[in-house]
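The values are calculated or read from the model by the stated rules, or taken from the named source; none is laboratory data. This one's a predicted model, so the numbers in the text were calculated from it and none came from an experiment. With ideal geometry, Cβ positions are generated from the backbone for all residues, glycine too; neighbour counts draw on all protein chains shown.
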Ligand code: GLU
């Protein structure tokens, strides 16, 4: 009964992913989005998207669309799709709130020139001190009406000058900050745009965000945000800061460790299911240490108290393994769609494609391997006759055995030319004359490669005519 009441009283979970459109959606951003998504779905809550585009210098044209498309490819669709909150469309709202804080005495107008601030900063750095605003305008009481439309100005928040600010992080626990070391943060810039800090907390408040789940790099900003909530008199959300993603050598993850943008992974032939499985494990793991997980299983098992504090290692080998496992599990139709994304729609219209996908599913690490892996079905590659010889055997033996195989299979009707039938006919011969001595030259004659699927699978796909033609090519070489 008590739990029942608690559940009714508990606020519905609302979380958001709030990327800045400064380029591609990277693996780190995708992980943040995914943990928010998992948390929302696990708790029957809402997952929303907000675009934080107030830093116009870092804005990259087309990046909002790319981010939205990347999320869609991963299947992380926000519930506010269609009316996504975009900060640059809300400038008047932020201004109004900034003025409100000035009015209340929690923030102040600052008219210090850039040159003056830069000179101060330089002097502080030289003295080995962290650069901080010296507070010239803090008590000057400059009114908005004195500057608005007349002078260049910014609005700064009045940070408390002493005491501790405690952040109770859901992942990191209690983190203490010394208020005296935190700068009087600019809230409204001279171009009329809000800074990240102001817009971020106003929007989180207006969207009814209950949990802020974001990258660790934002932890030092959190005390400022807590003070802002207090100044506005708003209830603050709970905070959870996700661990950094590191390269295997524990350095910062970068381009040289492989692809970084989500779309690069798509083009390289990774399945979205595999990417989600992989990023889901970047800092979190389920109770029993299973690694191969479906989206459904991750939603069921996800909880923030199983997220680690220490850095998560990005291991491409694990990603490749997960991808191959998800490829094995996917249906031929699903894989066909993904292959079309990589090789184009014409490619998947080829005859035999379904059979080839079925056959390759077990052996592909990435879908981009598919074409090269199956090229030999369309064109027999040229190969050396020595390749037709099994281990320490001889050219003569290969010739003899291939002739016998050809004899046997020539008698099979075209319509009967199927894997099981061919196995029945050829295997007794192979058992009699040595499996390696029969099956190896046969497989090489059909594929022209030293690695390929087994000969019966290949014959089934090639059909009788092409099979016989290829065996004859081999016999010619051996004569
Ligand atoms: N715009 C920030 C970013 O791109 C979001 C920080 C936050 O979630 O509060 O990382």
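Run down 477, 451 and say which single residue is in a helix (DSSP H, G or I) and under 18 Å from residue 379 (Cβ atoms). Before the answer, list the steps.
On the way: 451 fails: in a helix (DSSP H, G or I).
Of 477, 451, the one residue that is in a helix (DSSP H, G or I) and under 18 Å from residue 379 (Cβ atoms) is 477.
With the condition kept exactly as written, say whether any residue in region 78-85 is at positive phi, modelled with pLDDT under 95 and more than 12 Å from the ligand (Cβ to nearest atom). So that I can check it myself, show each step before the final result.
Within region 78-85, the first condition is being at positive phi, and the residues that meet it are 82.
When the remaining residues are screened for being modelled with pLDDT under 95, the result is 82.
Among the residues that remain, those that are also more than 12 Å from the ligand (Cβ to nearest atom) are: 82.
Yes.
Which of the residues that make up region 102-135 are touching a helix residue (DSSP H, G or I) at 6+ places or on another chain (Cβ under 8 Å) and in a loop (DSSP other than H, G, I, E, B)?
106, 111, 130, 131, 132, 133, 134
With the checklist (1) within 13 Å of the ligand (Cβ to nearest atom); (2) more than 33 Å from the chain's Cα centre (by Cα) in hand, flag the one item residue 215 doesn't pass.
So the condition that residue 215 fails would be (2).
May I ask you to list the residues in region 23-75 that are away from the ligand (no atom under 14 Å from the Cβ), closer than 14 Å to residue 276 by Cα and surrounded by fewer than 23 Cβ atoms within 10 Å (Cβ to Cβ)?
Within region 23-75, 72, 73, 74, 75 meet the criteria.
Looking at region 13-24 only, could you name the residues that are over 19 Å from residue 298 (Cβ atoms) and either part of a strand (DSSP E or B) or modelled with pLDDT of 95 or more (or both)? First the steps, then the outcome.
Step one: filter region 13-24 for residues over 19 Å from residue 298 (Cβ atoms), giving 14, 16, 18-24.
Those that are over 19 Å from residue 298 (Cβ atoms) and either part of a strand (DSSP E or B) or modelled with pLDDT of 95 or more (or both): 14, 16, 18, 19, 20, 21.
Filtering region 233-250 down to residues that are surrounded by fewer than 17 Cβ atoms within 10 Å (Cβ to Cβ) and in contact (Cβ under 8 Å) with a residue 24 or more places away in the chain, which residue is farthest from the ligand (Cβ to nearest atom)?
Filtering region 233-250 down to residues surrounded by fewer than 17 Cβ atoms within 10 Å (Cβ to Cβ) leaves 233-235, 238, 248-250.
Then drop every residue that is not in contact (Cβ under 8 Å) with a residue 24 or more places away in the chain, which leaves 234, 238, 248, 250.
Working: 234: 16, 238: 13, 248: 24, 250: 22 Å.
Applying the filter and picking the extreme gives 248.
Out of region 409-435, which residues are assigned to a helix (DSSP H, G or I) and surrounded by fewer than 14 Cβ atoms within 10 Å (Cβ to Cβ)? Please lay out each step first, then the result.
Start the filter on region 409-435 by keeping residues that are assigned to a helix (DSSP H, G or I), which leaves 409-410, 414-416, 419-433, 435.
410, 414, 415, 416, 420, 424, 428, 431, 432, 435 - these are the residues of region 409-435 that are assigned to a helix (DSSP H, G or I) and surrounded by fewer than 14 Cβ atoms within 10 Å (Cβ to Cβ).
Which ones in region 54-66 are at pLDDT 95 or above and in contact with a strand residue (DSSP E or B) (Cβ under 7 Å, 6 or more places away or on another chain)?
64, the sole residue that qualifies.
What about residue 168, is it at pLDDT 95 or above, assigned to a strand (DSSP E or B), more than 12 Å from the ligand (Cβ to nearest atom) and touching a strand residue (DSSP E or B) at 6+ places or on another chain (Cβ under 7 Å)?
On the way: at pLDDT 95 or above: yes; assigned to a strand (DSSP E or B): yes; more than 12 Å from the ligand (Cβ to nearest atom): yes; touching a strand residue (DSSP E or B) at 6+ places or on another chain (Cβ under 7 Å): yes.
Judged against the criteria, residue 168 is a match.
Go through (1) buried (at least 17 other Cβ atoms within 10 Å of the Cβ); (2) at pLDDT 95 or above for residue 386 and report which single condition fails.
The failed condition is (1).
Give 198, 253 a once-over and let me know the one that is modelled with pLDDT of 95 or more and surrounded by 15 or more Cβ atoms within 10 Å (Cβ to Cβ). Explain how you work it out, then say what you get.
Values: 253 fails: modelled with pLDDT of 95 or more.
None of the others qualify; the one that does is 198.
If you take the residues in region 183-212 that are part of a loop (DSSP other than H, G, I, E, B) and farther than 12 Å from residue 156 by Cβ, which one is nearest to the ligand (Cβ to nearest atom)? Talk me through it step by step, then tell me what you get.
Step one: list which residues in region 183-212 are part of a loop (DSSP other than H, G, I, E, B), which gives 183-185, 189-193, 195, 207-210.
The next check asks that each one be farther than 12 Å from residue 156 by Cβ; those that pass are 191-193, 207-210.
Details: 191: 18, 192: 19, 193: 14, 207: 12, 208: 15, 209: 10, 210: 14 Å.
Result: 209.
Kindly check whether there is at least one residue in region 94-115 that is crowded, with 18+ Cβ neighbours inside 10 Å and within 16 Å of the ligand (Cβ to nearest atom).
yes
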